[in-house]
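*Asks:* Questions regarding the structure given below will be posed in turn.
The values are calculated or read from the model by the stated rules, or taken from the named source; none is laboratory data. Just so it is clear, the model here is predicted, and its values are computed rather than measured. No Cβ is skipped: glycine too gets one built from the backbone with ideal geometry, and neighbour counts run over all protein chains shown.
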Amino acid sequence: MFFTGVLAQSQMPYQLPEWFVYLHHWAGIDITDPLMQALMLFAWGAVLFTAIAVVAQAAVVFMVLMERKVLAWLTQRKGPNRVGPFGLLQTLADGVKLLFKEDIMTTGQDKLLFTLAPAIFFLPVFVLYALIPFTDYLFGVALPVGALFIFSLSSISVLGMVLAGWASNNKYSLIGGMRSAAQAISYEIPLVLAVLPVVLFADSMNLGVIVESQKGPLGMFSWYWFYLLPISFLIFLISSIAEVNRIPFDLPEAESELVSGYNTEYSGMKFAMFFLAEYAALFVMSALTVVLFFGGYASPLAGATLAGITFDTTFIQTFGLGQSLLNATGIPSIDALLVQCEMITWFLLKTYCFIFFAMWLRGTLPRLKPDQLMGFSWKFLIPLALINIFLVAVQRLWAHPDQMTLLASNVPYIVLWAIILVFGVGGFFWFTSRFFTEKLRARLVQS
Amino acid sequence: MTKIDKSKVQVGVGSSIVEIGRGLATVLKHFGRDSVTLEYPEVMPDLSDRFHGRLCLLTKSDGTDLCVGCKACARVCPCDDLIQIEMHRDDNKKPVIDLFTIDMGRCIFCGNCTEVCPVDCIKMLPDFELADYTREALVLDKHDLTIDGEESDQWRKGHGLEPHVG
Amino acid sequence: MDIQGVTIVRDLDTEDMVVNIGPQHPSTHGVLRLVTTLNGEVVKDMEPVIGYLHRSKEKMAESRSYFQYQPTIDRVEYLSSFYDHYAYVASIEKIAGLKVPKRVHYIRMITMELNRISSHLLWFGTFLLDLGASSPFFYAFRDRERILKLFENITGARMMYNYYRFGGVNQDAPPGWLDDVRTVINELPDRFDEYEAIVNKNPIVVDRTVGIGILDRQACLDYGVTGPSLRACGVDIDLRKANPYCCYDEVEFDVPTSEEGDVYARYMVRMEEMRQSIRIIHQALDNFPGGDTAKLLKLQKEYEAAENEIKEAKKRVMLAEKAGNEPDAADVAKSQETAPQLDDDWKYQGQKVNLLVYKPPEGEAMTLVESPRGILGCYLISDGTPKAYRVKWRGASFSNLSVLPPLMVGNLYPDLMAIFGSLDVILPEVDR
């Protein structure tokens, strides 16, 4: 099919739709020019990304309302129901209110960092939306190292929190910022360690390939969550909740201790950016859980897809609208469009299940203490994740005997590499520690 | 003397998951229950007859003044000068109230005044919507406080008192 | 310092951070300022600064008549003001020797125990909110709301009751109120089970509370800590048992204690106390003198009718005698009868007092009651005038708060919320 090969083509993250050919006729653009092709590719990527960003914003706006509604229902309340039908416009009204709020700056703040911090927090989270394969066609970019890139990006947003805590000139904010740094260091390690077994299973870090590799004859039981990688899944679930700072891991903004933590001093649109980014991060993390462990856009019932049902598409085709729309997006037929719709439905359904779970946890659990939080990660999750990786690696080797022989034939090289690694890394640390302590001492003597 | 046994609260990994699961299930149980929210402006709360709300002056069944101007209410009021009364007696030695103001902005709704009134005149209504835009508007005078004979009778009926005829 | 020939002038040291927690802070439950010295997240020193809510409640008593002062007592400890009223009213009753009907005692006992439950429920909700759990807060307030509705029905107010009077109560319980109470307290234990399913063995709660903020027995006695906090470290002092006031000697209940004295023990003691309160209320409802008010009113009407009949008969006999006629034999018989009277113990007001100018005789009295927070005392001196000579309050919160700094030093900053929350301090009572 048209898009089956797309994901495998790492050089070409997406294809240009067919109507780009017409640009030659309309605007006289030389489409054979490689520079022009690259430009058009970039332009089309921007269009796709904008579309995803708009969807992301809509999802966040919906999630804020959903959280308030779910928490209300869990506590026998009604939740927001004043603005719009069922309170649907409540978040919008709040957003507009925040837009018009005064942007308060207190004395003693580092103005540059104070302004920069929300952006640093906000941007990486929204870039992450580009990496998520909502369907096998709808995604911003199919990076071959997608899984790695996501975690490297999401760790940048922690910098925003630390900066916000520092620049606010507020002691609560400072403690919140420091806590967020400690928490991020503690929980990103198990998060990544929990993903490694998935990478081992899928033989790829491309998120699209990871999803495709989960499609199997058993439907939802051939996904990675249930018997293949339950420990990974649990570690990932816990760490992802910690990563997005939600109860029981919401220490950076623990409202009963730190008033509001790192965003205590923020108001107006800057606060809104923190707020939106938090929910966006929750969405991304839930989407990632789905992609890595719950088959992404795959249907939970093997083989029973909506595509098997014949839709009467003549209605759409008679108007001739459908086909031109499809031409515009590059999807070849109505049936393919329906398949896309089905995929995105499954994906969003699963994602919102995990979002609901996070909200449910928030309604139930109290908050951990920082020492417990870090102890839980370093003393429990990380060793567990390491053991899990080892077991999965052994299993993968077992499942592929040819690799075993490969391994056996390479033993001398492996030993050599191990020696080099040990001495190299050890020497590096020895050298740096000497170097830095001497430099440090020199500074201390000066002062 | 009940001793509370705490040996049962040792937490392991397995029991932790079970206990968190129990908590989650208990919280989820509330999902289907009816909400207890009262949507106030549309639905008024069901207040008891004894509710300490807005103060009012009851009248006789024919709508004439009941208050005799004894100032007992002013004397037991814990807020100084909250209730201000001026009265004189007419030719028939009947009391005539010249001034009766209550500053609802400072009232603490304790109900002391209602208790000492010898003629059951100053009473409280189950009405709590007293907000206004200025402090001056909260100083209610005799006209604002007085409720007519029919309402007074209704009040007395609700509180087991006889209608005040004559 | 000298390391490998390099002289270090200044070591890498850290500075302590002084954080002013409060006066406005989400978890200080009022207006308390805690000047806290933090080393990282470890509390090195803590000094509570109180007095932001001082309203000179004691001095106010000296310039107001007894009845005029009474509503202001509500504002001292607004979560369980029935106890303050009881202490005040009982002091006056002791000085004046007023006889209190038993029905009044039972109404007071039921309202006070309900108030204990409502106070503990609020404590439960806010304590868990301080720990970070949000749902129990709403559940606790949902159930507290039902108790407040009962209070509204009997006193007319939901928080500032002003209900007890010298030798009685303001009004009798409304008809059907006892059944309402029974409905509510029949449903509450199920709710408590639900709370405990969420909280009791939750690993996070257990980790945050067990072994944290351990109060030892001697420290409790030194600082004057009372109430559940004292009982949680094994001291079995409950004034309802040790020195029964009201009618507490007529009901059976247990005093929950625990040996550990940590935050978890205080939590467990309070949860158990609520169940014991329900036990007390059940017994009080069963033995309620006079029964439901509707029945009592009907009885009163019958007695009044009988009395009227006798009066009529007497009148007829007198008229007949005046006219020189032989009175009707039935009338004579009737006029000899005495009308049945309501039992004194069935009244809601003993001896009627004129509240406007009430003057107890000269004397002084001290009443101690077991409030939800500990021992609450009211010391009252009367000089025979309509105004008290002196009223002294002993609030449990003040002593309970004073133990916070020694408990906190060396603990982590987040433990402050668990420890301070578990002491159940209410700031208006501290400052008065």
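*Asks:* Checking the structure you have, find out if any residue of the range C:202-220 is over 30 Å from C:Ala294 (Cβ atoms), within 9 Å of another protein chain (Cβ to nearest Cβ) and among the hydroxyl-bearing types (Ser, Thr, Tyr).
*Replies:* no
*Asks:* Also, I was wondering about something else. Anything in the range C:104-145 that is more than 7 Å from chain A (Cβ to nearest Cβ) and among the acidic types (Asp, Glu)? List them, or say none.
*Replies:* Once the filter is applied, which keeps residues that are more than 7 Å from chain A (Cβ to nearest Cβ) and among the acidic types (Asp, Glu), the range C:104-145 yields C:Glu113, C:Asp143, C:Glu145.
*Asks:* Across the range A:238-255, what is the total count of residues that are outside any loop (DSSP other than H, G, I, E, B) and touching a residue at least 60 places away in the same chain (Cβ under 8 Å)?
*Replies:* Matching residues across the range A:238-255 total 8.
*Asks:* Would you check if there is a residue in the range C:376-389 being aromatic (Phe, Trp, Tyr), out of contact with any Lys or Arg (no Cβ under 6 Å at 6 or more places or on another chain) and buried (at least 19 other Cβ atoms within 10 Å of the Cβ)?
*Replies:* The answer is no, given that none of the residues of the range C:376-389 is aromatic (Phe, Trp, Tyr), out of contact with any Lys or Arg (no Cβ under 6 Å at 6 or more places or on another chain) and buried (at least 19 other Cβ atoms within 10 Å of the Cβ).
*Asks:* Further question: Return a yes/no flag: does the range C:339-351 have any residue that is under 30 Å from C:Leu122 (Cβ atoms) and either of a type in the set (Asp, Glu) or surrounded by 18 or more Cβ atoms within 10 Å (Cβ to Cβ) (or both).
*Replies:* Yes, the conditions are met somewhere in the range C:339-351.
*Asks:* Can you find a residue in the range C:366-387 that is more than 30 Å from A:Glu257 (Cβ to Cβ), assigned to a strand (DSSP E or B) and more than 23 Å from the chain's Cα centre (by Cα)?
*Replies:* Yes; the residues of the range C:366-387 include at least one that is more than 30 Å from A:Glu257 (Cβ to Cβ), assigned to a strand (DSSP E or B) and more than 23 Å from the chain's Cα centre (by Cα).
*Asks:* Would you point out the residue of the range B:50-78, among those that are part of a loop (DSSP other than H, G, I, E, B), touching a His at 6+ places or on another chain (Cβ under 9 Å) and at pLDDT 85 or above, that is farthest from B:Glu115 (Cα to Cα)?
*Replies:* Step by step, filter the range B:50-78, then rank; the result is B:Leu58.
*Asks:* Continuing with the same structure: Are any residues in the range B:94-118 closer than 22 Å to C:Val357 by Cβ and modelled with pLDDT under 85, and if so, which ones?
*Replies:* Within the range B:94-118, B:Pro95 is the sole residue that qualifies.
*Asks:* Restrict the check to the range C:275-282 and report whether at least one residue is among the hydrophobic types (A, V, I, L, M, F, W, C), in contact (Cβ under 8 Å) with a residue 12 or more places away in the chain, surrounded by fewer than 17 Cβ atoms within 10 Å (Cβ to Cβ) and away from chain B (no Cβ under 14 Å).
*Replies:* No, the conditions are met nowhere in the range C:275-282.
*Asks:* Restricting to the range C:388-410, give me the number of residues that are more than 26 Å from the chain's Cα centre (by Cα), among the β-branched types (Val, Ile, Thr) and within 15 Å of C:Asp222 (Cα to Cα).
*Replies:* Summing the residues that are more than 26 Å from the chain's Cα centre (by Cα), among the β-branched types (Val, Ile, Thr) and within 15 Å of C:Asp222 (Cα to Cα) in the range C:388-410 gives 0.
*Asks:* Which one is farthest from C:Lys347 (Cα to Cα) among residues in the range C:283-308 that are surrounded by 15 or more Cβ atoms within 10 Å (Cβ to Cβ) and of a type in the set (D, E, K, R)?
*Replies:* C:Glu307
*Asks:* Report yes if some residue within the range C:146-163 is within 14 Å of chain A (Cβ to nearest Cβ), surrounded by fewer than 24 Cβ atoms within 10 Å (Cβ to Cβ) and farther than 30 Å from C:Pro414 by Cα; otherwise report no.
*Replies:* Yes, the range C:146-163 contains at least one residue that is within 14 Å of chain A (Cβ to nearest Cβ), surrounded by fewer than 24 Cβ atoms within 10 Å (Cβ to Cβ) and farther than 30 Å from C:Pro414 by Cα.
*Asks:* Give the residue, chosen from B:Arg50, B:Arg54, that is crowded, with 18+ Cβ neighbours inside 10 Å and at the interface with chain C (Cβ under 10 Å from one of its Cβ atoms).
*Replies:* Step by step, each of B:Arg50, B:Arg54 is checked, and only B:Arg50 is crowded, with 18+ Cβ neighbours inside 10 Å and at the interface with chain C (Cβ under 10 Å from one of its Cβ atoms).
*Asks:* Further question: On the basis of being within 8 Å of another protein chain (Cβ to nearest Cβ), closer than 20 Å to C:Phe141 by Cβ and of a type in the set (Asp, Glu), does B:Asp34 make the cut?
*Replies:* For B:Asp34, the condition - within 8 Å of another protein chain (Cβ to nearest Cβ), closer than 20 Å to C:Phe141 by Cβ and of a type in the set (Asp, Glu) - is met.
*Asks:* Would you mind stating whether C:Thr257 is in contact with a Gly (Cβ under 9 Å, 6 or more places away or on another chain), within 13 Å of chain B (Cβ to nearest Cβ) and modelled with pLDDT of 85 or more?
*Replies:* Considered against the rule, which asks whether it is in contact with a Gly (Cβ under 9 Å, 6 or more places away or on another chain), within 13 Å of chain B (Cβ to nearest Cβ) and modelled with pLDDT of 85 or more, C:Thr257 comes out as yes.
*Asks:* OK, next. Against the definition (under 15 Å from the mean Cα position of the chain (by Cα), within 14 Å of chain B (Cβ to nearest Cβ), touching a residue at least 60 places away in the same chain (Cβ under 8 Å) and in a helix (DSSP H, G or I)), how does C:His85 come out, yes or no?
*Replies:* Judged against the criteria, C:His85 is a match.
*Asks:* Return the residue satisfying two criteria in turn: it lies in the range C:408-432 and is in a helix (DSSP H, G or I) and over 23 Å from C:Ser371 (Cα atoms), and of such residues it is farthest from the other protein chains (Cβ to nearest Cβ).
*Replies:* Among those residues, the one meeting the criterion is C:Met408.
*Asks:* List the helices (runs of 4 or more DSSP H) inside the range C:178-250, counting only whole elements, that have at least 3 residues being surrounded by fewer than 16 Cβ atoms within 10 Å (Cβ to Cβ) and at pLDDT below 90.
*Replies:* In the range C:178-250, the matching helices (runs of 4 or more DSSP H) lie at C:217-223.
*Asks:* Follow-up. So, in the range C:360-390, exactly how many residues are away from chain B (no Cβ under 14 Å) and either farther than 30 Å from C:Pro256 by Cα or of a type in the set (S, T, N, Q) (or both)?
*Replies:* The total comes to 15.
*Asks:* From the residues in the range A:73-128 that are in a helix (DSSP H, G or I) and polar (S, T, N, Q), which one is nearest to the chain's Cα centre (by Cα)?
*Replies:* Per the stated criteria, the residue is A:Thr91.
*Asks:* Can I ask one more? Looking only at the range C:251-272, count how many residues are polar (S, T, N, Q) and part of a loop (DSSP other than H, G, I, E, B).
*Replies:* 1
*Asks:* Another question about this same structure. Restricting attention to the range B:77-103, and to residues there that are more than 22 Å from B:Gly149 (Cβ to Cβ) and out of contact with any strand residue (DSSP E or B) (no Cβ under 7 Å at 6 or more places or on another chain), which single residue is farthest from the other protein chains (Cβ to nearest Cβ)?
*Replies:* B:Asp91
*Asks:* Filter the strands (runs of 3 or more DSSP E) completely within the range B:83-124 down to those with at least 3 residues that are touching a residue at least 24 places away in the same chain (Cβ under 8 Å).
*Replies:* Here the list reads B:95-103, B:122-124.
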